[in-house]
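Trainee: Quick one: structure below, then a few questions.
We did not get these values from a lab; they are worked out from the coordinates using the rules stated. The structure presented is a predicted model; accordingly, all values stated were derived computationally and were not measured. Backbone-built Cβ (ideal geometry, glycine too); neighbour counts: all protein chains shown.
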Amino acid sequence: MKSWDVILVGGGIIGLSLAIALRKRGLRVLVVERGEPGREASHAAAGMLADCAIEMPSALQPLATASARMYPEYVHELEDESGMQVDLRSEGTILFPPSEHVHERPGFSAKSLLPAPLAELEPALADVNRPAIYLKERSVDPRALVEAAHKAAKHRGVDFSSGDPVTSVDLAGGRVVGVTAAKTSFLSAIVVNCAGAWSGQLPPYRFPTRPVKGQMLSVAAPLRTLLGHVVRAPEVYLVPRSNGRILIGSTLEEAGYDKRTDAETIRKLQQAAVGLIPELARARMLEAWAGLRPGTPDDLPILGATPTPDYYVAAGHFRDGILLASKPDYEIAPFSFARFAIQAA
């Protein structure tokens, strides 16, 4: 029976990126994906490479910043190997932070922290009378990114099994021997759980990951150049693509594995977007969808080894999976699953 050096459970951007990195080291790699690679949280993401200190847990900040810095190199490699363009944009972000952050965080004031007047920086914005901050952030098209990563992984010889959900990580003598899926079993002495919102369902451990639903939509802007920057406000965010699409999001819902969209919720997101960019009232809606972010109790990822030899986890990336797909040299001990009281499955 065929075996592999490493099996990755989950074919989102985390699993695909790990597969490429492991193939570079000469290992035989199999990715086992419950559906189609890159079609869950990665496909639903907005693609903001946001490492702003006021919007994420402080423990994640160094890792996020390191990942953001190396993203152009990561994208260049994927584009080169796949022959695709993934629309990495560097125009930056205009952030309207919650009022408590403006007043409580050192270095922030009620004055606008922008390189130019807001009306010059982003003419399409409404006359917004509140503080704004300019961030040197990038954004990427996650759907193009995961397609490029999938092509690059296949080009490097990564094997894939799609449409066959893994039901358990198999052990013998206290060590990993492979995984069992709904239709078949696969042999490997090393397994990495990258199953996103489903990662806590695989024996032998119940990692405290859960699905956090996010609804969003995309529209065709009346002008391709209507919006240049990502715009984030407490009530909504807007992410422009180079082809004229604008993504509008997103909700945070504890709704289990329900990925249905709600017409009223989508309408409210549209209204909030028009409140920031009035011209979007003329935009044509293209698509509405919902994705399941892999959340954890402390909103930090779970990374590294488990007590079972050669069984690893890379899950719980919540809203930062696209950003954290690249691998900086950074200590991951703060993200060990040892910080939780993990139950056996």
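Trainee: For the chain, take every pair of Cα atoms, bin their distances at 10 Å starting from 0, and report each bin as a whole percent.
Mentor: 5, 25, 33, 23, 10, 3, 0
Trainee: Kirkwood hydrodynamic radius, computed over distinct alpha-carbon pairs, for region 137-216: how many Å, to one decimal?
Mentor: 15.1
Trainee: A follow-up question, please. Which angle between 0 and 90 degrees, to the nearest 10, do you get for helix 61-82 versus the longest principal axis of the chain when only C-alpha atoms count?
Mentor: So the helix axis and the longest Cα principal axis differ by about 80 degrees.
Trainee: For a quick check: with amide H placed at 1.01 Å from N, whose amide H comes under 5 Å from Thr167's, ignoring anything fewer than 5 positions away on the same chain?
Mentor: Those qualifying (amide H under 5 Å, at least 5 residues apart or on another chain) are Thr180, Ala181, Ala182.
Trainee: Something else now. Take the chain, connect every pair of alpha-carbon atoms lying under 10 Å apart with a spring to form a Gaussian network, then pick out the residue of Ala19, Ala153, Ala119 with the largest mean-square fluctuation.
Mentor: Greatest mean-square fluctuation among the candidates belongs to Ala119.
Trainee: With θ taken as phi - 60° and the coefficients 6.51, -1.76 and 1.60, list the Karplus ³J(HN,Hα) couplings across region 311-319 in order, rounded to whole Hz; mark glycine and proline as x.
Mentor: Per-residue couplings from phi come out as 10, 10, 9, 9, 8, x, 6, 6, 8 Hz.
Trainee: Sequence-distant or interchain residues sharing an amide H contact under 5 Å with Val177, placed H: which?
Mentor: The answer is Asp170, Leu171, Ala172.
Trainee: Let me ask something else. As an exercise, use a Förster radius of 41 Å and the Cβ-Cβ distance of Leu252 and Gln85 to find the FRET efficiency, rounded to the nearest 0.05.
Mentor: Once the sixth-power term is evaluated, E becomes 0.85.
Trainee: To test your reading of the geometry: what angle, between 0 and 90 degrees and rounded to tens, separates the Cα axis of helix 13-24 from the longest principal axis of the chain?
Mentor: That helix lies at roughly 50 degrees to the long axis.
Trainee: Considering only Gly196, Val32, Gly316, whose Cα is most displaced toward the positive end of the charge dipole of the chain, charges sitting on Cβ of Lys, Arg (+1) and Asp, Glu (-1)?
Mentor: Positive-most Cα among the choices belongs to Val32.
Trainee: Further, regarding this structure: Could you work out which residue, out of Ile248, Ile332, Ile266, moves most in a Gaussian network model of the chain, that is, has the largest mean-square fluctuation with Cα springs under 10 Å?
Mentor: Comparing Ile248, Ile332, Ile266 in the GNM, the peak value goes to Ile332.
Trainee: Angle, helix 263-276 long axis vs. longest principal axis of the chain, Cα atoms, 0 to 90°, nearest 10?
Mentor: 50
Trainee: Give the long-range amide H neighbours of Arg138: residues separated by 5 or more places, or on another chain, with amide H under 5 Å away, using H modelled in the peptide plane at 1.01 Å from N.
Mentor: For Arg138, whose amide H was placed from the backbone, the distant partners under 5 Å are Leu49.
Trainee: Is there a pair in Lys151/Lys183; Lys154/Lys183; Lys24/Lys259; Lys154/Lys268 whose C-alpha atoms are over 32 Å apart, and which pairs would that be? The partial results should precede the final answer.
Mentor: Working: Lys151/Lys183 25 Å; Lys154/Lys183 22 Å; Lys24/Lys259 35 Å; Lys154/Lys268 41 Å.
Pairs exceeding the cut-off: Lys24/Lys259; Lys154/Lys268.
Trainee: Go ahead and estimate [θ] at 222 nm for the chain from helices alone: -39,500 (n - 2.57) per DSSP H run with n ≥ 4, summed, over the residue count, rounded to 500. Write out the running numbers ahead of the final one.
Mentor: Details: 7 runs with 76 residues, N = 345.
One gets -6500 deg cm²/dmol as the mean residue ellipticity at 222 nm.
Trainee: Using only the Cα atoms of region 1-88, what do you get for the radius of gyration and for Dmax, in Å?
Mentor: Just the Cα atoms of region 1-88 yield Rg and Dmax of 15.1, 51 Å.
Trainee: In addition: Tell me, what HN-Hα J-couplings in whole Hz come from the Karplus equation 6.51 cos²θ - 1.76 cosθ + 1.60 at θ = phi - 60° for each residue of region 241-252, using x for Gly and Pro?
Mentor: Ordered by residue, 3J(HN,Hα) equals 10, 5, 8, x, 6, 10, 8, 10, x, 8, 8, 10 Hz.
Trainee: If you build a Gaussian network model of the chain, linking Cα atoms that sit under 10 Å apart, which residue out of Val140, Val128, Val169 swings the most?
Mentor: Val128
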